[in-house]
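Taking it in order: structure first as structure tokens, then the write-up.
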Amino acid sequence: MTICISFISQKGGVGKSTLARGLAREANNQELTVKVADLDTQQGTIVNWHRRRLDLNYKPIGSVESFKTAEQALQNISHYDLLIIDGPARASKATLDIARQSDIVIQPTGASMDDLEPAILLFHELFKAGIPKSKLFFALSRIGTDSELDACKTYLIQTGYGVLAGCLFEKPSYRQAQNLGLSITETSYQSLNKKADELIQSIVDAIKSE
Ligand SMILES: Nc1ncnc2c1ncn2[C@@H]1O[C@H](COP(=O)(O)OP(=O)(O)O)[C@@H](O)[C@H]1O
Ligand SMILES: [Mg+2]
């Protein structure tokens with residue numbers, strides 16, 4: 001059975017495409033068959049990134065395609081283990097539709113109240129619209145320090161939604177890697193790759209418990 005994981009958020013620039021690429025790369029490395037659906041048709045972030053990756057002769061991360069809707073992305077996916085949906089830049093009417101079609105919904109969020117509050121409100125809206133809390137996970141993204149991470153976790157756990165283990169620290173090397181078609185687990189620094197992989201593995205664990 002194909003498991004569908006989506007990355008959505010209330011705000012743009014929080015790390016949806018970054019985490020979607022990282023997950024695709026790690027899942028592909030663990031011999032899962034992966035399809036990535038880029039639903040951000042205006043920016044086509046993942047499609048463009050994958051083109052850069054292939055141009056530089058790095059290993060493909062699976063099949064990458066652009067779609068307008070989650071329903072279109074779900075056509076003919078039975079021979080894939082994993083469908084990864086990279087959602088539109090910010091929340092829209094399509095977000096609920098994406099969440100309904102997904103087994104796991106991940107919302108990356110930064111550490112500031114300006115990021116956390118709208119992120120929590122979006123999950124409240126999805127929950128009110130019938131998406132079970134057990135499907136909804138926050139991923140802490142663009143974090144500055146360990147103490148910032150701890151404070152965010154403590155705050156988010158009280159909401160009753162899932163909070164993935166680990167986080168993605170804000171590091172120029174993650175940006176640089178992605179500029180070259182690489183993922184956040186493929187930077188030049190083993191320690192950064194390991195940190196990113198902890199977060200990705202917590203997504204893989206959530207998939208395995210499906
Ligand atoms: N942890 C991070 N450290 C540094 N730069 C990051 C990090 N996460 C994302 N970025 C950069 O921030 C920008 C927005 O990230 P992206 O994943 O495209 O966000 P979204 O898909 O949610 O709009 C990209 O240029 C990306 O390379
Ligand atoms: Mg994006």
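Just so it is clear, none of the values below were taken in a lab; they were calculated from the coordinates. What you see is a predicted model, and the numbers here were worked out from it, not measured in a lab. Virtual Cβ from ideal backbone geometry, glycine too; neighbours counted across all protein chains shown.
Overview of values
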quantity	calculated
Peptides ranked, highest mean first, by Cβ atoms within 10 Å: ranges 18-30, 174-186	18-30, 174-186
Value of [θ]222 nm, deg cm²/dmol, for the chain, DSSP H segments ≥ 4, -39500 (n - 2.57) each, nearest 500	-13500 deg cm²/dmol
Listed peptides 92-104, 142-154 by packing density, highest first (mean Cβ within 10 Å)	92-104, 142-154
Anchor Lys11: lysines whose Cα lies under 23 Å away (excluding residues fewer than 8 positions away in-chain)	Lys68, Lys93, Lys128, Lys133, Lys135, Lys153, Lys171
The chain, relative contact order in percent, only Cα pairs under 8 angstrom and at least six apart counted	26 percent
Sorted peptide list for 70-79, 192-201, criterion being average Cβ within 10 angstrom, highest first	192-201, 70-79
Under the Karplus curve 6.51 cos²θ - 1.76 cosθ + 1.60, θ = phi - 60°, whole-Hz ³J(HN,Hα) for the range 91-97, x wherever Gly or Pro sits	4, 8, 4, 5, 5, 5, 4
Value in Å of the Kirkwood radius, where the chain supplies the Cα pairs that are averaged	16.8 Å
Cα centroid separation, the range 175-210 to the range 8-28 (Å)	10 Å
